Every structure is written in C-alpha cells, then in structure tokens.
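Peer 1: Sharing a structure here in structure tokens format.
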C-alpha cells in the first residue's frame, strides 16, 4: 500500500467552547480524495490546519512528511501544497496574469519561469484574453478558475480545493469538475477536494472521507463504500407504508423514506430477493406499484454516515417506532 | 462553440524553485507596480514634489553660480552688490536643503498615505491574505513586503528629491567643495528623510491593518495626525506644559531635524532625549500593533 499523503493523529481544534475538530485520526491516500461533510462539520478548519493557517488545540498532522505546526516545516508545506480557498480571494487591482505570476514568484519561481508558468496554467483553466483584464470584472466562474490556476502555479504535489464549484452555474460547474477530474485522474495529482456536493466528489474522487461534527464518520474508497453496503431497492406502494415499513423492519431490513414518498430498502447483500419484498408487502396489505434496484450511491453512504451521528431535530434523525431500523428523512 | 487547442493540457513545471527567493521583495515590487497603475493620482501627488525639487535645485545651482562669478562679473561694483543680495536671499545651501526636506515632509506623508493605506486593509477585505499565507512566506516577509512597497513611495517623494538637490549642489560647487566639506550634511539629510519616511510608513501600515477599507485607513491617518496635533496644542495651551508637544509627530520631527542639523533652539523646554523617547514609543506601539494584526491575518479563524 502506498504511503499516506496526509496523516492526522488525534486532531482537536476548539474555538472557545466549540470543538470544531473533535479528536480523530486520518490517513489520506494518494490520488483524488473527497472530504465530505455538512456545513460546519470542520472541513475548512481541517484544510487551514493542514496549511498551518490555524494551530491545533491538540494533536498533530503531517502533510507530505512535513508538519504544518512546526514553524520551519510550515513553509515547506506551503511550497508543496496548492490551496484554492473557498471565498472570493484576489490581490487588489491585479489582472489574472499578474496575480498568478506574482504568487508563483512568491513561491520561489524565477521571474521568467513565473510568467511562462502563469500563461501555462491560465491556458489550462481556459482563461484566454480575459487574463489581461482586472479581476474585479470577472464572473464567479472565471474567479473560481483563476483560483485553481494560482493553486497550480508552482505545480504542487498536493492540491487542497475548498468548494471549487461554489456559486457556479451548471456549465461552469462542469468545466471545473472536468479540470479537477483531469488533474486527479489523468495527471495523477494528489487532491483533497472539500465539498458538501456529493456528486462533485463522486465524479472526481476515488476515495472519500466523511466529516460530521468534527469527527471522521466514514472513509474509504468510493467503490468499496458504495458496493459494501449491498443493494438498494426503490419501492413505491399503494396502501399504508407504515405497516410495510414495520414489516420490513421485523424482517431485519433497513429502510429510508424519501421526501417524495418513495421508500428505499437497504438490502444486506448485493443480490436482493424481490420475491421476498413482494411477500412482505402482501403480509403488510400493501401493493407494490414500482420496484427497481439502485446501486448504493455516495449520497446514501453520506446520509447513513451523517445520519447516524446527527443530533435530534437536524435534517437526519432516527425515528422508528420499533426501534429496529433507522428512518432517515431527507431534505426535499 | 470553442475549439480545443494544444495549450489546454496540463504541463508539469520542469524548472526549480529559488533557494533564497526574497519573497518580501516580490511583494514590495508588486505593491509599487499596482500603485503606479493609476496615473492621475500619481500625477496629482508627485507634481508638487517635482516642482519643489526643481525649485530647490535651481536655488542651489544659482547660488553656486553666483558665488563662482560665472553668471555675473563680481568684480564690477554694482554686480557685486546684487550678487551679495541675491546670495543672501537664496541663503546657505545646506539650509536650503534642510528647509526643502522639512517642507516636503507633508507631501511625502500624503503620498505614503495614499499608496500605503490600502495595502493591508484591502488585502483583508478581498481575502488576499489567504492567497499570500498559503504561500511559503512568513509574517515578517509579508510585513517587510508591504513596508518596502510603502517606503518606496516615501523614498520617491522625499529621499530621492533630496538626493537630487544634493547632487546638483555637489556638481555645481567649485572643486566638489560641497561634497568634500558638507558630506556629513548629505548623510544627515538622507538619514533624516529615511527616518521620517519609515515613521510615516509604520503609521500608515498600522492604521491600514486596523481597518477594512482604504478609505477608512485614509480617514484614520489624517485623523491621527490632526487629532494628535490638536490634542497636543490644546493640552499644551491649557496646562501650560510644553511636554504635551511630544504627542505631535510633526513637532517631534522638527526638533529631531534641529538636533541632527545642529540648529537646536536652546529655548526649547523639551529635550532631544524626550523627543527620541516619544518617537521610540511611537515606533514600538506601531510595531506591536502591526505584529498582532498581521498574525491575525495569517491565523485566520
């Protein structure tokens, strides 16, 4: 097995009484890795800790062998890492070419190299003639691509991307995901993609880490996580679904109700028995109008992981009368 | 529809990084470049400085020319009288240079304030601190970079014109006499202007680090100067205690100038030691504030 790109041990970060990161261990493998979590789960805090922009309350981390908490190592970390921040970040009054070349020079590139490199990465993110215009007039999509370009300016070994598709329209989002996918899968870059958009991570990453309330609640290869949980059956019924759910729970099956009234049955292995489902429906006195199988998606993995830890009253909560199954109500 | 070209592929960087890249110098140079992008403010702010410099150069030039007798024949009785009168009006060359240096202090403050006010404030407003500090720079690099950028404007506004006037004096003086006899004065002029520019650079950056916009920083700088001068004058008048003049930055520099150029007014109640202590205190407050604020820029919550 290849060595971890990022290694974290007992990481705790407190803001006053709030524990943003609640003491977890994590080893991030090489390649594109998604860092998933609901808002406020500690994703951005973790990225800033990895860059040494924040000091941990407890614990330690290494990024490509350097410790961001050590003063000298911190600068080394920033030399081998490219960071794309979440918010609008620009150097005042500059054009894209000036911004990228200036930041490349600050990282240590020679003047000529910095200018050549700036043009290369701006070509790559497809900022054409706009690169000579002041950034103030850029659209959100252009600003996001520019932020990616500046992160790539020194050809870092690891890219930390914080919500790269934030605020983008579908076309811009597709462009950004194409770039991230190319960097991770074709160019072999190590990427830690921080997002709350599951589709983005599912499309671009091979490995996923789910954070919730400052703890790692799930991690592993996307293929393993989605396959290991068995099959998912989508069922629509006529009649009282509560009785059907009770019947399913009694049979030891996990169920999830969607906002649209669709019922999902989590089958424990990859080969669901449809006849058994029909049998249980008959016993519950309901008629199945539609039954189809869906492979467990990252969304299900995420909901399960986050739902298991979600506090009462949040978007996911255990609510089954029998107490045997976990009923997750998804937001519409 | 847009055609794909060969340029849209990712190219790994094949060069190497510099071992000692002087990152602060890049930040400083970038600040100067950005400052001079807008031509109108540069024209308005540097025109009075340029005019003042030209006038000072001509005064120095004429004085040496008159003394050397190249402009008029000083052997003729009428001309000698006129020459004496004009040279007296023009005054001593060193005095001219000192007067010029002190009179340009206000303009240099305006220039440094205009160009330096937004350097930290706008970085924070636009999130540029995250871009800077995700690079391998220390807080000292950042501070030196912003400081050198601001100092450069002050240097262009005050120190460079002073050097020009001194150069004219050196070139026009007979047998390089000005350079040979008055070199300590030249060094003092450079030192005095350097201290002044450094002090106002610190003031401007400190206020810039405390606020979130360039306009607020400009108001803060002017407010600090006016308020400290006003409070100092009112307290000195009301309490009849001249020590309050130590609160006034301009008065402190007036005293420092008098002391450096051996023109100390013996009637002054405030000593040079007190003046230096006041300036030292001002520097300490500014540096401590800047250190704390720049730390906050890097360590972002």
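Peer 1: Being surrounded by fewer than 24 Cβ atoms within 10 Å (Cβ to Cβ) and either over 19 Å from residue A:124 (Cβ atoms) or free of Cβ contacts under 8 Å to residues at least 12 places away in the same chain (or both) is the filter here, so list the residues in segment A:95-112 that pass it.
Peer 2: Here is the first cut: in segment A:95-112, the residues surrounded by fewer than 24 Cβ atoms within 10 Å (Cβ to Cβ) are A:95, A:97-98, A:108, A:110-112.
Selection gives A:98, A:108, A:110, A:111, A:112.
Peer 1: Now for a different question. Identify, by number, the condition in (1) buried (at least 23 other Cβ atoms within 10 Å of the Cβ); (2) away from chain B (no Cβ under 11 Å); (3) in a loop (DSSP other than H, G, I, E, B) that residue A:166 doesn't meet.
Peer 2: Status for residue A:166: all satisfied but (1).
Peer 1: Counting residues that are out of contact with any strand residue (DSSP E or B) (no Cβ under 7 Å at 6 or more places or on another chain), free of Cβ contacts under 8 Å to residues at least 24 places away in the same chain and farther than 18 Å from residue B:289 by Cβ, which helices (runs of 4 or more DSSP H) fully inside segment B:139-250 reach at least 2?
Peer 2: Working: elements: B:139-154, B:160-172, B:177-210, B:214-239.
Counting at least 2 such residues, we get B:160-172, B:177-210, B:214-239.
Peer 1: For residue B:250, state whether it is crowded, with 21+ Cβ neighbours inside 10 Å and touching a helix residue (DSSP H, G or I) at 6+ places or on another chain (Cβ under 7 Å). Reasoning before the result, please.
Peer 2: Numbers: crowded, with 21+ Cβ neighbours inside 10 Å: no; touching a helix residue (DSSP H, G or I) at 6+ places or on another chain (Cβ under 7 Å): yes.
Criteria not met by residue B:250.
Peer 1: Would you list the strands (runs of 3 or more DSSP E) that sit entirely within segment A:11-84 and hold 2 or more residues that are in contact (Cβ under 8 Å) with a residue 60 or more places away in the chain? Give the steps one after another, and end with the answer.
Peer 2: Details: elements: A:18-28, A:32-36, A:58-63, A:81-84.
The qualifying strands (runs of 3 or more DSSP E) are A:18-28, A:32-36, A:81-84.
Peer 1: Can you pull out the residues in segment A:249-272 that are assigned to a loop (DSSP other than H, G, I, E, B), surrounded by fewer than 19 Cβ atoms within 10 Å (Cβ to Cβ), in contact with a helix residue (DSSP H, G or I) (Cβ under 9 Å, 6 or more places away or on another chain) and modelled with pLDDT of 80 or more? Can you show your working first?
Peer 2: Of segment A:249-272, the ones assigned to a loop (DSSP other than H, G, I, E, B) are A:251-253, A:258-262, A:267-272.
Okay, now just the ones that are also surrounded by fewer than 19 Cβ atoms within 10 Å (Cβ to Cβ), so A:251-252, A:258-262, A:268-271.
Among the residues that remain, those that are also in contact with a helix residue (DSSP H, G or I) (Cβ under 9 Å, 6 or more places away or on another chain) are: A:251, A:261, A:270.
Across segment A:249-272, the qualifying residue is only A:251.
Peer 1: Would you tally the residues in segment A:51-67 being under 14 Å from residue A:158 (Cα atoms) and touching a helix residue (DSSP H, G or I) at 6+ places or on another chain (Cβ under 7 Å)? First the steps, then the outcome.
Peer 2: In the first step, residues of segment A:51-67 are kept if they are under 14 Å from residue A:158 (Cα atoms); the result is A:51, A:62-66.
Then drop every residue that is not touching a helix residue (DSSP H, G or I) at 6+ places or on another chain (Cβ under 7 Å), which leaves A:51, A:63-64, A:66.
Selection size over segment A:51-67: 4.
Peer 1: Out of the residues in segment A:127-156 that are assigned to a loop (DSSP other than H, G, I, E, B) and surrounded by fewer than 19 Cβ atoms within 10 Å (Cβ to Cβ), state the one that is farthest from the other protein chains (Cβ to nearest Cβ). Break it down into steps so the answer makes sense when it comes.
Peer 2: To start, the set of residues in segment A:127-156 that are assigned to a loop (DSSP other than H, G, I, E, B) comprises A:127-128, A:133, A:138-139, A:153-156.
Among the residues that remain, those that are also surrounded by fewer than 19 Cβ atoms within 10 Å (Cβ to Cβ) are: A:128, A:133, A:139.
Details: A:128: 9, A:133: 13, A:139: 16 Å.
Selected residue: A:139.
Peer 1: Among the residues of segment B:271-301 satisfying the criterion of being buried (at least 18 other Cβ atoms within 10 Å of the Cβ) and more than 23 Å from residue A:55 (Cα to Cα), which is nearest to the other protein chains (Cβ to nearest Cβ)?
Peer 2: Applying the filter and picking the extreme gives B:286.
Peer 1: Let me ask something additional. Please verify whether residue A:216 is in contact with a strand residue (DSSP E or B) (Cβ under 9 Å, 6 or more places away or on another chain), under 30 Å from residue A:269 (Cβ atoms) and buried (at least 21 other Cβ atoms within 10 Å of the Cβ), treating the condition exactly as stated.
Peer 2: On the way: in contact with a strand residue (DSSP E or B) (Cβ under 9 Å, 6 or more places away or on another chain): yes; under 30 Å from residue A:269 (Cβ atoms): yes; buried (at least 21 other Cβ atoms within 10 Å of the Cβ): yes.
Criteria met by residue A:216.
Peer 1: Between A:101, A:67, which is at pLDDT 90 or above and either at the interface with another protein chain (Cβ under 9 Å from one of its Cβ atoms) or closer than 21 Å to residue B:145 by Cβ (or both)? Break it down stepwise before answering.
Peer 2: Working: A:67 fails: either at the interface with another protein chain (Cβ under 9 Å from one of its Cβ atoms) or closer than 21 Å to residue B:145 by Cβ (or both).
Step by step, each of A:101, A:67 is checked, and only A:101 is at pLDDT 90 or above and either at the interface with another protein chain (Cβ under 9 Å from one of its Cβ atoms) or closer than 21 Å to residue B:145 by Cβ (or both).
Peer 1: Also: Would it be correct to say that residue A:188 is within 20 Å of the chain's Cα centre (by Cα), within 11 Å of chain B (Cβ to nearest Cβ) and assigned to a loop (DSSP other than H, G, I, E, B)?
Peer 2: On the way: within 20 Å of the chain's Cα centre (by Cα): yes; within 11 Å of chain B (Cβ to nearest Cβ): yes; assigned to a loop (DSSP other than H, G, I, E, B): yes.
Yes.
Peer 1: Let me ask another. Check off (1) part of a loop (DSSP other than H, G, I, E, B); (2) out of contact with any strand residue (DSSP E or B) (no Cβ under 9 Å at 6 or more places or on another chain); (3) over 30 Å from residue B:214 (Cβ atoms) for residue A:109 and give me the number that stays unchecked.
Peer 2: If we test residue A:109 against (1) part of a loop (DSSP other than H, G, I, E, B); (2) out of contact with any strand residue (DSSP E or B) (no Cβ under 9 Å at 6 or more places or on another chain); (3) over 30 Å from residue B:214 (Cβ atoms), just (3) comes out false.
The values are calculated or read from the model by the stated rules, or taken from the named source; none is laboratory data. Computed from a predicted model, the values in this text were never measured in an experiment. So basically every Cβ, Gly included, is an ideal-geometry build from the backbone, and we count neighbours across all protein chains shown.
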